[in-house]
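Okay, structure first, notes after.
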Amino acid sequence: MKRILVTGGLGFIGSHTVVALQNKGFEVVIIDNLSNSKIDVLEKITEITGIKPLFHKIDLRDKAEVRSFFDTNKVAGVIHFAAFKAVGESIQKPLAYYENNIGSLVYLLQEMKNRNIDHFIFSSSCTVYGQADALPINENAPIKKAASTYGNTKQIGEEIIAESCKAYHMNAIALRYFNPIGAHESIKIGELPLGIPQNLIPFITQTAAGLRTELAVFGADYDTPDGTAIRDYIHVVDLANAHIAALERLLNKKNKTNFEFFNVGTGVGSSVLEVITAFEKAAGKPLNYKIVDRREGDITAAYADTTTANKELNWKTEKSLEEALADAWKWQQQQ
Ligand code: WQD
């Protein structure tokens, strides 16, 4: 049984990927420093799959801890989620973001190189494209100057990985996520935003649950059919499955170059107002919201051209926006 290291494996996307890995027969070891996740997610994963993942509370910024982990744990591949990811916060705390997101990536890659572990899956983001010139966005779209430190850490991260793969003959795939939403059907794991949610869906579900008075819609004067911004909302379970497909591509040596990247989305764009309408239908209740000014740094529209990911990863999304919103609402009602 191949053992896979999942960093950030107690986080939102990480925990769903751990479940998918275990269901596929992989042995999983998680590294997480619990800075943006909770230890009880480990029990929840175990309840879902019946298998308790190995767990090490390690901060990947601690080079010595990373080294000693690899001294005592043999792994066949690494899926790297652990990173800070709040766009707004990243602009206020750039050094913390570079130290964590870039520093830990470098230490991880160094240890993998030293031990010839050459299968690496990187959590990247469609944010690397900025506002793309053409929609839907395919992998040939130019990388634009990041609008946030968070986005820059993803761009720099991809460059570090590409150069390392070339120099040290490693194999890696970066998955450029669009907007992950929803929760596992068991409703035992889901999105756990700490504090005021940054992202749309948790803000919607907390408003519907009465934890927030109303949703502020950031701008209705965009150049879109209903004036609100468009995104590609992908169910987190579909996204987790894309990681399995990418890992198996590397393990089966199907990759065509030693650094590949794929856009992982549904291919469908939904505006904020369309999401609100779909949520009201899924929850069977109206949502309190008001239109306010645009949020700085937001782009007008982004949705994926999924052709390459569908073909090369032999993967496609199976869940709809409505299903994802229904799962997110059920998850919120559990909190
Ligand atoms: C979605 C839409 C907002 C909140 C970012 C990162 C991306 C990834 C996901 C980490 C936008 C609108 C939101 C609210 C609103 N991050 N909105 N009211 O900005 O597309 O992507 O988060 O993995 O890399 O860039 O996601 O959920 O913040 O916003 O109107 O209270 O909802 O303006 O149009 P975003 P989001």
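So for region 268-281 (the condition being among the polar types (S, T, N, Q), more than 23 Å from the chain's Cα centre (by Cα), modelled with pLDDT of 95 or more and near the ligand (Cβ under 10 Å from one of its atoms)), does at least one residue qualify? Break it down into steps so the answer makes sense when it comes.
Taking region 268-281 as the starting set, the residues that turn out to be among the polar types (S, T, N, Q) are 270-271, 277.
Imposing the further condition that a residue be more than 23 Å from the chain's Cα centre (by Cα) reduces the set to 277.
This time we only want the ones that are modelled with pLDDT of 95 or more, so: 277.
Still in the list and also near the ligand (Cβ under 10 Å from one of its atoms): none.
The answer is no; no qualifying residue exists.
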### Query
Considering region 106-144 alone, what residues qualify as being of a type in the set (S, T, N, Q), more than 16 Å from the ligand (Cβ to nearest atom) and assigned to a loop (DSSP other than H, G, I, E, B)?
ASN116, ASN138, ASN140
### Message
Given (1) in contact (Cβ under 8 Å) with a residue 12 or more places away in the chain; (2) over 22 Å from GLU159 (Cβ atoms); (3) more than 14 Å from the ligand (Cβ to nearest atom), identify the lone condition not met by PHE261.
### Response
(2)
### Cross-chain or 6+ apart pairs with Cβ under 7 Å, region 298-323 first and farther than 17 Å from ALA246 by Cβ, then of a type in the set (Asp, Glu) and outside any loop (DSSP other than H, G, I, E, B)
LYS319/ASP238
### Task
Among the numbered conditions (1) over 17 Å from the mean Cα position of the chain (by Cα); (2) within 23 Å of ARG249 (Cα to Cα); (3) not in a loop (DSSP other than H, G, I, E, B), tell me where ILE91 comes up short.
(2)
### Message
Residues that are in contact with a strand residue (DSSP E or B) (Cβ under 8 Å, 6 or more places away or on another chain) and loosely packed, with under 15 Cβ neighbours inside 10 Å, at least 2 per element: which helices (runs of 4 or more DSSP H) completely within region 1-75 meet that?
### Response
none
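May I ask you to say which residue of GLY103, GLY157 is buried (at least 17 other Cβ atoms within 10 Å of the Cβ), part of a helix (DSSP H, G or I) and modelled with pLDDT of 95 or more? First the steps, then the outcome.
Values: GLY103 fails: buried (at least 17 other Cβ atoms within 10 Å of the Cβ).
Of GLY103, GLY157, the one residue that is buried (at least 17 other Cβ atoms within 10 Å of the Cβ), part of a helix (DSSP H, G or I) and modelled with pLDDT of 95 or more is GLY157.
To keep it simple, each residue is scored yes or no on (1) part of a loop (DSSP other than H, G, I, E, B); (2) within 30 Å of ALA162 (Cβ to Cβ); (3) among the aliphatic types (A, V, I, L, M); (4) modelled with pLDDT under 95.
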{"residue": "THR207", "(1), (2), (3), (4)": "no, no, no, no"}
{"residue": "ALA242", "(1), (2), (3), (4)": "no, yes, yes, no"}
{"residue": "GLU248", "(1), (2), (3), (4)": "no, yes, no, no"}
{"residue": "ILE291", "(1), (2), (3), (4)": "no, no, yes, no"}
### Query
What pairs can you find where one residue is in region 77-90 and more than 13 Å from the ligand (Cβ to nearest atom), the other is at pLDDT 95 or above and hydroxyl-bearing (Ser, Thr, Tyr), and their Cβ atoms are less than 8 Å apart, with a gap of 6+ or different chains?
VAL78/THR7; ILE79/THR7; ILE79/THR17; ILE79/SER123; HIS80/THR7; HIS80/SER123
## Note on the structure
The correct count of residues that are more than 10 Å from the ligand (Cβ to nearest atom), among the hydroxyl-bearing types (Ser, Thr, Tyr) and surrounded by 21 or more Cβ atoms within 10 Å (Cβ to Cβ) in region 180-234 is 1
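The values are calculated or read from the model by the stated rules, or taken from the named source; none is laboratory data. It should be emphasised that the depicted structure is a prediction, and the values quoted were computed from it without experimental measurement. Ideal geometry is used to build each Cβ from the backbone, glycine not excepted, and the neighbour counts take in all protein chains shown.
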